[in-house]
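See structure below.
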Amino acid sequence: MRTSPRDYWRLLAQYLIPQRGRVSLLALLLLASTGLQLASPLVLRRFIDRALEGDALRTLMLIAGLYIGFAILIQIVRLAETWTAQYVGWTATNNLRADLALHVLGLDMGFHNRHTPGNLIERVDGDVFTLGNFFSRFIINILGNVLLTAGVVVLLFRIDWRIGAVVALFAATTIAALAILGRYNTIRFAAARQAMADLIGFLEERIGGTEDIRSSGATDYVMRRNDEFARAYHRRQKVASIFGGATTFSVSQLLSVLGMVAALAVAATLYRDGSITLGTVFVVFQFTQILVQPIEEISRQLRDFQLASASIGRVRQLQAVKPKVTEGAGLPLPPGPLAVELDHVTFGYVPEDPTLRDVTIHLAPQRVLGLVGRTGSGKSTLTRMLVRFYDPDRGSVRLGGIDLRDVRMTDLRDRVAFVTQEIQLFRATVRDNLTLFDPAIPDQRIIDALRRLGLGGWLNALEDGLDTMLAAGGGGVSSGEAQLIALTRVFLRDPDLVILDEASSRLDPITEARLERAIDTLLDGRTAIVIAHRLATSERADEVLVMANGEIAEHGEREALARDPNSLFAGMIRTGHDLATTGEERP
Ligand code: ADP
């Protein structure tokens, strides 16, 4: 997506208009500091000329005091200006960051499957960070510095057109040279940033997989790859800083010396002719010196702007992604346990290759359906349709008779609980992990819930009870405990439909017994769909559905299927295979 000037203005307007008071203050401060910078050499000229004329010491002291006063004032104004600019920039970028984060959270799972968390973080944070300067300073700085440069040139023209002309030429040459250098530098800096993103992406993924890497002995390989990424980053960064920092600095220094020499040569000639005073020569000297800074600043802003436009492009692109799953009109779901209906549902992660084919299921309220079938047969996909991670390509999904596309997302999430095998634990207390940071849930309710689920003993065994801290990512928590936490979470929410992907990992008998009891209590009086890996789990199902290649291979009352020696389900029980993982016996 190309960024048009309208994109820049729209972004600036959206995040700066709410701060117009501060932005006006910033503009004012900038004007003040430009004015002060232009005025102070004129004070110096007065001092020198008066001194040469042999004025009284008192007058000279006064002028000197004024000069020092100006210098101090300039610093104060600059300080205020920097502070305001930072404030404006951070407020704008923080708001943009929050808007983008909210937007990304609202996007469908299809989008999230295509983008890694690292990549999204880089876009929500990295790109927005580059825009801080664009929001706070870009326009004001460009304007301010152009104003300062123009002011100096005009003042010099007024002293003598020849000096003005020399300095104007110098200014134009320097800006052009720095702009050309800047273009190359932007490319190099972008390459360095990409190399850094690669390194961070690599580290993120590998640190996430530390356990697997260690256990498979791949540490050496990972470290070697890490070295390669780090070296690439180092090389690019070195090139970027040599070309970016050093050359820009030398070129601007060289040109400023040349410009100053030329301006002074002209001024000296004019002084010898007697057309200007020595004070004026000093003014020329000072002005040419002052000029270096705005010129560098202008070229730096232009360079930053190139970086910013790339980021703005990516931000706009992200904003333009519309969620495939859109908010429903808000039809209410009926109260109480929910009936589940899938009506000729066909769905594919890629439309050409459907993962679910013409699936039709009716499940009455309070019934428990056990889903079994090989890995990859589409069980998880089916459950994802019920929480609207995806919408069907054809057919419809209804809860309590209402099409999910007509239900508000928050209503749906209130009524349906989804426990996957990947349980997210946070580095927080057990309490926060159970309530998901909802302080409105009183401790007594949590304790009651744990007791009802048969977890009173587990709670008592915790070192600090509900205040026990869990490590990040659930470190120190066994997979059985993680599931107990997940079940309690769901129980606290009191949902009307529970979808449970039972853990396939082997548990110790005590935890397993606890888990079984907890699941029984949780499912009591609710509609449930359970992806069953173990025979024991499937036994609590009223009905069993066998999936094969995205289609229903068999669906019926569990007891009837178990009794029928010709049923697929009976076959699975006989071979004793894990009901939901790869089995030799293809259902
Ligand atoms: P099961 O739960 O029975 O193991 P899944 O529903 O997870 O089966 O997978 C069914 C098919 O869909 C598999 O071929 C799997 O590779 C594919 N699949 C699952 N999740 C995704 C996804 N997020 N994106 C693309 N394909 C997927």
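The values are calculated or read from the model by the stated rules, or taken from the named source; none is laboratory data. Not measured: the values here are computed from a predicted model. With ideal geometry, Cβ positions are generated from the backbone for all residues, glycine too; neighbour counts draw on all protein chains shown. In case anyone asks, the SASA skips ligands and DNA or RNA and just uses the protein heavy atoms, side chains included. Shrake-Rupley method; radii C 1.70, N 1.55, O 1.52, S 1.80 Å.
Listing for the model above:
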read-out: Estimated Rh, the chain: Kirkwood, alpha-carbon pairs, angstrom; value: 30.1
read-out: Distant-in-sequence amide H partners of residue 276 (H built 1.01 Å from N, under 5 Å); value: 271
read-out: Contour excess over end-to-end distance, with Cα ends at residue 179 and residue 478 and 0.36 nm allotted per residue; value: 101.8 nm
read-out: Label-reachable residues, the range 44-85, where backbone N falls under 19 Å from a point 7 Å from residue 271's Cα toward its Cβ; value: 44-55
read-out: Surface share of carbon and sulfur [accessible, 1.4 angstrom probe, percent] for the chain; value: 59
read-out: Segments 105-113, 334-342 sorted - mean Cβ within 10 Å per residue, highest first; value: 334-342, 105-113
read-out: From phi via Karplus (6.51, -1.76, 1.60), per-residue ³J(HN,Hα) for the range 235-241 in Hz, x at Gly/Pro; value: 4, 5, 5, 5, 4, 4, 6
read-out: Structure-based [θ]222 nm, the chain - -39500 (n - 2.57) summed over DSSP H runs of at least 4, per residue, nearest 500; value: -20500 deg cm²/dmol
read-out: Amide H within-cut-off set for residue 500, under 5 Å, with H built and near neighbours excluded; value: 419, 529, 530, 531
read-out: Signed unit charges on C-beta, dipole axis of the chain, positive-most listed residue 499, 16, 511; value: 16
read-out: Residue 567 long-range amide H proximity, modeled H, under 5 Å; value: none
read-out: Under Karplus coefficients 6.51, -1.76 and 1.60, residue-wise ³J(HN,Hα) of the range 403-415 in Hz, glycine/proline x; value: 4, 4, 5, 9, 9, 6, 4, 5, 4, 4, 5, 5, 9
read-out: Nearest-20 debye value, the range 5-319 charge dipole, Cβ charges on Lys, Arg, Asp, Glu; value: 380
read-out: Antiparallel %, DSSP beta bridges [both residues in the chain], to 5; value: 55
read-out: Electrostatic dipole magnitude of the chain [Cβ: Lys, Arg +1; Asp, Glu -1; Cα centre; debye, to 20]; value: 2920
read-out: The range 278-291 - phi-based ³J(HN,Hα) in whole Hz, Karplus 6.51/-1.76/1.60, Gly and Pro as x; value: 5, x, 5, 4, 5, 4, 4, 4, 5, 5, 5, 5, 4, 4
read-out: Computed Rg/Rh of the range 5-319, alpha carbon atoms with Kirkwood Rh; value: 1.11
read-out: Spin-label pair residue 575/residue 115, simplified geometry with 7 Å Cα→Cβ offset, distance in nm; value: 4.2
read-out: Residue 135 - accessible surface, heavy atoms, 1.4 Å probe, Å² rounded to 10; value: 10
read-out: Solvent-accessible area per residue, Å², over the range 340-582 with all protein chains present [probe radius 1.4 Å]; value: 44
read-out: Mean separation of Cα contacts under 8 Å, 6 or more apart, over the residue count of the chain: relative contact order %; value: 14
